[in-house]
1. State yes or no: is Leu101 over 15 Å from the mean Cα position of the chain (by Cα) and under 30 Å from Tyr61 (Cβ atoms)?
2. Can you find, within region 1-44, the residue that is surrounded by the most Cβ atoms within 10 Å (Cβ to Cβ) among those that are closer than 29 Å to Asn163 by Cα and among the aromatic types (Phe, Trp, Tyr)?
3. Tell me, which helices (runs of 4 or more DSSP H) lie completely within region 88-186 with 3 or more residues that are within 19 Å of Gly51 (Cα to Cα) and not hydroxyl-bearing (Ser, Thr, Tyr)?
4. Of all helices (runs of 4 or more DSSP H) completely enclosed by region 1-75, which ones contain at least 2 residues that are within 24 Å of Val129 (Cβ to Cβ)?
5. Those residues that are surrounded by fewer than 17 Cβ atoms within 10 Å (Cβ to Cβ) and either at pLDDT 95 or above or more than 16 Å from the chain's Cα centre (by Cα) (or both), I need them from region 141-151; list them, please.
6. State whether the residues of region 55-68 include one that is within 24 Å of Val169 (Cα to Cα) and small (Gly, Ala, Ser).
7. Consider Val129 against the criteria (1) of a type in the set (A, V, I, L, M, F, W, C); (2) surrounded by fewer than 20 Cβ atoms within 10 Å (Cβ to Cβ); (3) within 27 Å of Asn18 (Cα to Cα): it satisfies all of them except one. Which criterion is unmet?
8. Looking only at residues in region 156-186 that are charged (D, E, K, R) and closer than 25 Å to Gly92 by Cβ, which one is surrounded by the most Cβ atoms within 10 Å (Cβ to Cβ)?
Amino acid sequence: MKIPTREQAMTLLREYNNQDALIKHGMAVEGVMRHFALKFNEDVEKWGVIGLIHDLDYEMYPNEHCAKTQEILSSNEWPKDYIHAVVSHGYGMCFDVKPELLMEKVLYTIDELTGLIVATAIMRPSKSVSDLTAKSVKKKFKQKSFASGVNREVILQGCELINMELSDVITECILGMRKISQSIGL
């Protein structure tokens, strides 16, 4: 396959995922990845496609997460660098491919964080990211019982990898999610 397009990524994502929440999570991560790509003057389309497709196998193969994605993307002839980037977000949790490039490190950092931001936003009266602040998210970050499935250690390790403070990463994630808030229902 040549460079995969967003449309091809979305088609493949929908082929393996029926849950609206998983599609919206992919879109949220895509939006944040696009935002960070702009911030770092990187390839916005590539970062977006990788963000969108990152949890391709999660619904159908949760116990083989990342391994099945690698298999599916390889069989669809996706470029090796795209595959490496996608599966590296599972480093230390379910896969042994380490994030090396900035794009991979950002994906590793923000994947779990987008989930925390969504959980925080839906608890607010507005149920939106439009009025959400990093301070509110950070407060929820410290409450281990809130969104307990979010791996806070991965987020903190990711912040170190990209050399950014947690508050700044949260702010950038919120800004990225605001750009696509209508399509993800926030």
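1. In short, yes.
2. Taking the candidates together, the pick is Phe36.
3. Answer list for region 88-186: 102-123, 152-161, 166-178.
4. 6-16, 20-39, 44-53
5. Within region 141-151, Lys142, Gln143, Lys144, Ser145, Phe146, Ser148 meet the criteria.
6. Checked against the condition, which is being within 24 Å of Val169 (Cα to Cα) and small (Gly, Ala, Ser), region 55-68 yields no hits at all.
7. In the conditions (1) of a type in the set (A, V, I, L, M, F, W, C); (2) surrounded by fewer than 20 Cβ atoms within 10 Å (Cβ to Cβ); (3) within 27 Å of Asn18 (Cα to Cα), Val129 misses (2) alone.
8. Glu172
The values are calculated or read from the model by the stated rules, or taken from the named source; none is laboratory data. As the structure is a computational prediction, the values presented were derived from the model and not from experiment. Virtual Cβ from ideal backbone geometry, glycine too; neighbours counted across all protein chains shown.
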